[in-house]
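Following: one structure in structure tokens, then a few remarks.
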Amino acid sequence: MKSTTNIEQLIPHRYPFLFVDEITSATQEEIIGITTFNHNNVLLKGSNPETGIVPGTVILESMAQCGGAGVRLLGITNGIFALAHIESVQFFDEVKYGEKVRYEISNLRMSEKIIKQSGKAYFEDILLMEASWMSIRIDKGDN
């Protein structure tokens, strides 16, 4: 699968709540994506303005968006999925605005109704976060 930057065709999220810049690779086993958090994003602007640290919950949301976009790119489903369960999450280091974050997402289960994934977030070679989650289909249609 080749790289895609047209994420808005894959998931329903839009600015300022779209936190995936590009899917660089997607296979049945693994999805790789990247994002750079912009300190000018109106949604994030008021969070930690003095420290420049991206909130961990936003990184988790970004990772789930990356996984969802990758699954959609693979053609597993045409539905819209929502994050339904966070199984585990561990934060190891901070992300500052302007740093490029790379996600490595493992596809644990994919079906028309449930997507279960786990992933790791990195800045360069520094592990920032690990998480596992489940998303469920929230529509019936061909979106």
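The values are calculated or read from the model by the stated rules, or taken from the named source; none is laboratory data. Predicted, not measured: the structure shown is a model, and the values here were computed from it. Heads up, the Cβs are rebuilt from the backbone with ideal geometry, glycines too, and the neighbour counts pull from every protein chain shown. In case anyone asks, the SASA skips ligands and DNA or RNA and just uses the protein heavy atoms, side chains included. Shrake-Rupley method; radii C 1.70, N 1.55, O 1.52, S 1.80 Å.
Quick notes on this one:
- Just the protein heavy atoms count here, and of the accessible area of the chain at 1.4 Å, carbon and sulfur take up 50 percent.
- Net charge of neighbours whose Cβ lies under 15 Å from the Cβ of Ser88, counting Lys and Arg as +1 and Asp and Glu as -1: 0
- Spin-label proximity, Gln28 to region 62-98 - amide N less than 15 Å from point 7 Å beyond Cα toward beta carbon: 71, 74-77
- Pairs of lysine residues in the chain - Cα separation under 18 Å, sequence separation of 8 or more or cross-chain: 5
- Net charge of the neighbourhood of Met134, taken over other residues with C-beta under 12 Å away and scored Lys/Arg +1, Asp/Glu -1, is +3.
- Value in Å of the Kirkwood radius, where region 94-143 supplies the Cα pairs that are averaged: 12.7
- Folded to 0 to 90 degrees: helix 56-74 orientation relative to the chain principal axis, Cα: 30
- Short-range pairs are left out: with C-alpha atoms under 8 Å and at least six residues apart, the relative contact order of region 8-122 is 32 percent.
- Spread over its residues, the convex hull of the C-alpha atoms of the chain is 100 Å³ per residue.
- Note on Ile53 and Leu108: their simple-model spin labels are 2.7 nm apart, each label 7 Å out from Cα toward Cβ.
- Put the Cα centre of region 30-81 next to the Cα centre of region 85-139 and the gap is 9 Å.
- Residue among Met129, Val71, Ile34 farthest towards the positive dipole end of region 23-143, charges placed on Cβ: Val71
- Å² of accessible area per residue within region 19-68, as computed with a 1.4 Å probe and no ligands counted: 43
- Net charge over other residues, Cβ less than 14 angstrom from the Cβ of Ile53 (K, R count +1; D, E count -1): -2
- By the Stokes-Einstein formula, at 1.567 mPa s and 4 °C, region 1-83 with its Kirkwood radius over alpha-carbon pairs has D equal to 97 µm²/s.
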